[in-house]
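The values are calculated or read from the model by the stated rules, or taken from the named source; none is laboratory data. Everything quoted here is computed from the prediction, not taken from an experiment. With ideal geometry, Cβ positions are generated from the backbone for all residues, glycine too; neighbour counts draw on all protein chains shown. Note: areas computed on protein heavy atoms with side chains; ligands, DNA, RNA excluded. Shrake-Rupley method; radii C 1.70, N 1.55, O 1.52, S 1.80 Å.
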Amino acid sequence: MKVKLPEPFTFEAEGNRAVLLLHGFTGNSADVRMMGRFLQKNGYTAHAPIYRGHGKELEALIDVKPEEWWEDVQNALQHLKDQGYEKVAVAGLSLGGVLGLKLAYCENIQGIIPMCAPMFFDNEEQLTQGFQYKAKEFKQLEGKDEETIKNEINQLLEESKDMFTQLGRFINEVHDHIDEIYTPAFVVQASQDEMINTDSAAYIYETVESDQKDMKWYEHSGHIITMDTEKEQLHEDVLEFLNSLDWS
């Protein structure tokens, strides 16, 4: 069976306010699509790229480096600027939050919203399990039998070890530069997050040098908070933060 692959999106709104929405590791633009539509209805143009190797079979991730995802995010920010949006805020889920934090200390952005963003690479086991789950899900959609799926996943795990090493290195690099962020920040963390060390949220909140910063925990949500039970509340909180920024 042919699987319909997700695509990047740009949801345009009137005015000069834009938000770059960044998905997580092994995720895609669907992770942030509902937030994008909500923001569009409330006067914000929302753009979500899909990083190289994402949004397709997980084998495509093996040879991609975090530096290439970083390039994709920089290009996505430039895309909005090329469309005339001089001021752009960034909201990122998981790895997208890490990439967004790097944007906050490397580029001039209006505000940063890291959502369940890992700052400590001490969760390789959980990441690997998530990686396996996503791979199995995709292969089932393709109509492959269980034996084939099992063999392909074992091979995938063996071949992806270097990628996980590089991912850990990238997270640690961003971790070490958080104190260079002066951009307004709203740190979002799910209490039921099973994928990352939730101490990450407090580390980000306490370490950024922003004069304007806030942090909120969502008691009933898991790692993919943008699609969980408290997503409507998250949307409202993100909107409130965005509205508090200086867009003039």
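Numbers at a glance
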| quantity | calculated |
| --- | --- |
| Residue match in region 45-53 (condition: at pLDDT below 95, among the aromatic types (Phe, Trp, Tyr) and over 23 Å from Glu240 (Cβ atoms)) | no |
| Answer from Val98, Val19, Val32, Val64 - the residue that is of a type in the set (Val, Ile, Thr) and either out of contact with any helix residue (DSSP H, G or I) (no Cβ under 8 Å at 6 or more places or on another chain) or assigned to a loop (DSSP other than H, G, I, E, B) (or both) | Val64 |
| Unique match (being surrounded by 19 or more Cβ atoms within 10 Å (Cβ to Cβ), in contact with a Ser or Thr (Cβ under 8 Å, 6 or more places away or on another chain) and either in contact (Cβ under 8 Å) with a residue 60 or more places away in the chain or not aromatic (Phe, Trp, Tyr) (or both)) among Gln189, Gln212 | Gln189 |
| Single residue of Gln233, Gln155, Gln189 found to be in contact with a Cys (Cβ under 7 Å, 6 or more places away or on another chain) and not in a loop (DSSP other than H, G, I, E, B) | Gln189 |
| Subset of region 193-230 that is among the hydrophobic types (A, V, I, L, M, F, W, C) and part of a helix (DSSP H, G or I) - its residue that is farthest from the chain's Cα centre (by Cα) | Ala202 |
| In region 57-78, the residues that are open to solvent by 30 Å² or more (accessible area, probe 1.4 Å), in contact (Cβ under 8 Å) with a residue 60 or more places away in the chain and under 21 Å from Arg33 (Cβ atoms) | Glu57 |
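Yes/no per residue for (1) within 15 Å of Leu61 (Cα to Cα); (2) out of contact with any Asp or Glu (no Cβ under 7 Å at 6 or more places or on another chain); (3) modelled with pLDDT under 95:
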{"residue": "Lys102", "(1), (2), (3)": "no, yes, no"}
{"residue": "Cys116", "(1), (2), (3)": "no, no, no"}
{"residue": "Asn123", "(1), (2), (3)": "no, yes, yes"}
{"residue": "Phe131", "(1), (2), (3)": "yes, yes, yes"}
{"residue": "Phe138", "(1), (2), (3)": "yes, no, yes"}
{"residue": "Ile149", "(1), (2), (3)": "no, yes, yes"}
{"residue": "Glu152", "(1), (2), (3)": "yes, yes, yes"}
{"residue": "Lys161", "(1), (2), (3)": "yes, yes, yes"}
{"residue": "His177", "(1), (2), (3)": "no, yes, no"}
